[in-house]
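First the structure, in the form of structure tokens, and then the observations on it.
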Amino acid sequence: MKRVFGIDLGGTTVKFSIVDEAGQIHDQWAIPTDVSDNGINIASDMVENMREKMAGLTGEDVPVAIGVGVPGPIVGDVVERAVNLGWTNMPLGRVLKTELNMPVALLNDANAAALGEVWMGGDPGNTEGNTVFVTLGTGVGGGVVMDGHVINGDHGSAGEIGHSPVQSDERRPCGCGKTNCLECFASAAGFVKTANELYARAGSAHTFTSGKEVFEEVAAGEPIAIEARDVTVEYLAQALAHVVNVVDPHEVIVGGGLAYAGDLLMGPLADRLRDYVFPGVRDRYVLRRAVLGNDAGALGAAYQAFQLLAG
């Protein structure tokens with residue numbers, strides 16, 4: 001059974017996995033991401049690390065392709081922009097292919113996580129149907145998968161749910177350069193900002209530093225925390241409804257740190273999303289939490305590598 005490298009390239013660590021065609025992870029390890037000098041050493045560090053790993057393997061244990069999830073838009077074998085890595089128009093795919101002499105599949109990290117969840121998440125091995133994926137973490141990432149194929153778009157930016165515009169009386173700048181993107185309100189940082197603003201408006205000096213802290217107050221029935229949750233859910237449900245109405249998926253998957261709140265988030269989100277979607281779609285999709293955690297990106301990258309091998 002063939003094996004490939006599935007790599008989740010982040011701003012802090014590069015996470016490597018060796019994955020077989022059935023989605024089983026045979027080995028995992030990580031190295032620090034060297035972002036000094038605009039990330040000039042990252043690709044060579046990856047090559048050296050994979051060479052060292054392969055030197056100790058034989059036969060079918062040796063990976064035959066590479067899949068990499070990268071935090072930025074991908075066009076072909078080029079990472080157009082990865083702010084956290086310091087990259088602009090970095091030909092990562094070409095470098096890895098040349099140095100290691102094997103096929104390389106690049107994809108956006110949120111798209112990789114989406115593919116991983118579709119492939120080995122709720123219904124392992126079943127990649128039929130359409131899926132909308134959103135991850136609520138430091139930012140808001142997203143991906144759309146149709147019958148096992150991630151939608152990348154003509155310019156590598158499909159699935160950027162986090163940069164859907166939000167109508168608000170506030171003005172929150174987004175790291176992408178726009179104002180009032182969904183990410184500004186539905187990310188963990190956006191959720192905490194909303195909670196702190198509502199508490200300050202109510203005359204409270206209490207401040208939060210994490211979404212987990214806010215959800216602890218929600219669980220305790222604290223009205224202002226519940227209001228912050230509901231405001232966040234409202235923005236998220238409206239943005240997701242737009243995508244659901246376009247894609248008509250069989251499932252909507254929510255991942256990232258805020259999803260760990262479980263029913264405290266997913267229950268209200270299910271209700272509001274149901275209110276906003278087109279009647280022909282309503283009650284015909286499954287809304288669920290992501291289940292793969294930190295393995296999703298590497299598994300999705302591996303799946304993309306297997307698709308490349310299959311032609």
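The values are calculated or read from the model by the stated rules, or taken from the named source; none is laboratory data. In this text the structure is predicted, and so the values were computed from the model without any measurement. Because the Cβ atoms are built from the backbone with ideal geometry, glycine has one as well, and the counts that use them run over all protein chains shown.
Of all residues in segment 153-179, those that are closer than 15 Å to residue 243 by Cα have Cβ atoms under 8 Å from Cβ atoms of residues that are among the hydroxyl-bearing types (Ser, Thr, Tyr), 6 or more apart or on another chain, in 162/187; 166/235. Just one of the numbered conditions (1) surrounded by fewer than 17 Cβ atoms within 10 Å (Cβ to Cβ); (2) in contact with a His (Cβ under 8 Å, 6 or more places away or on another chain) is not true of residue 199; which one? Here residue 199 clears every test but (1).
Annotation note: Cβ proximity below 6 Å between a residue of segment 81-92 that is within 12 Å of residue 43 (Cα to Cα) and a residue that is buried (at least 23 other Cβ atoms within 10 Å of the Cβ) and not polar (S, T, N, Q) (sequence gap 6+ or interchain) occurs for 87/79; 90/79; 92/79. Is there a residue in segment 256-263 that is out of contact with any helix residue (DSSP H, G or I) (no Cβ under 8 Å at 6 or more places or on another chain) and closer than 23 Å to residue 139 by Cβ? Checking segment 256-263: at least one residue is out of contact with any helix residue (DSSP H, G or I) (no Cβ under 8 Å at 6 or more places or on another chain) and closer than 23 Å to residue 139 by Cβ. Applying the selection to segment 8-32, what residues are modelled with pLDDT of 95 or more, surrounded by 14 or more Cβ atoms within 10 Å (Cβ to Cβ) and not β-branched (Val, Ile, Thr)? Across segment 8-32, the qualifying residues are 8, 9, 15, 16, 17, 20, 21, 23, 27, 28, 30. Based on this model, can you work out whether residue 37 counts as loosely packed, with under 15 Cβ neighbours inside 10 Å, in a strand (DSSP E or B) and charged (D, E, K, R)? Spelling it out, it is not the case that residue 37 is loosely packed, with under 15 Cβ neighbours inside 10 Å, in a strand (DSSP E or B) and charged (D, E, K, R). Does at least one position in segment 242-263 carry a residue that is of a type in the set (Phe, Trp, Tyr) and either buried (at least 21 other Cβ atoms within 10 Å of the Cβ) or assigned to a strand (DSSP E or B) (or both)? Checked segment 242-263: no residue is of a type in the set (Phe, Trp, Tyr) and either buried (at least 21 other Cβ atoms within 10 Å of the Cβ) or assigned to a strand (DSSP E or B) (or both). Checked against (1) modelled with pLDDT of 95 or more; (2) of a type in the set (Asp, Glu); (3) surrounded by 14 or more Cβ atoms within 10 Å (Cβ to Cβ), residue 160 meets all criteria but (1).
Considering only residues that are part of a strand (DSSP E or B) and closer than 19 Å to residue 62 by Cα, which ones fall in segment 9-34? Steps first, please.
Looking only at segment 9-34, we keep the residues that are part of a strand (DSSP E or B), and these are 9, 13-20, 25-32.
Selection gives 15, 16, 17, 18, 19, 20, 25, 26, 27, 28, 29, 30.
Looking only at segment 266-309, which residues are of a type in the set (A, V, I, L, M) and closer than 14 Å to residue 236 by Cβ? Of everything in segment 266-309, those that are of a type in the set (A, V, I, L, M) and closer than 14 Å to residue 236 by Cβ turn out to be 266, 269, 270, 273, 277, 287. The residues listed here are 131, 135; of these, the one that is in contact with an Asp or Glu (Cβ under 6 Å, 6 or more places away or on another chain) and either in contact (Cβ under 8 Å) with a residue 60 or more places away in the chain or within 22 Å of residue 305 (Cα to Cα) (or both) is 131.
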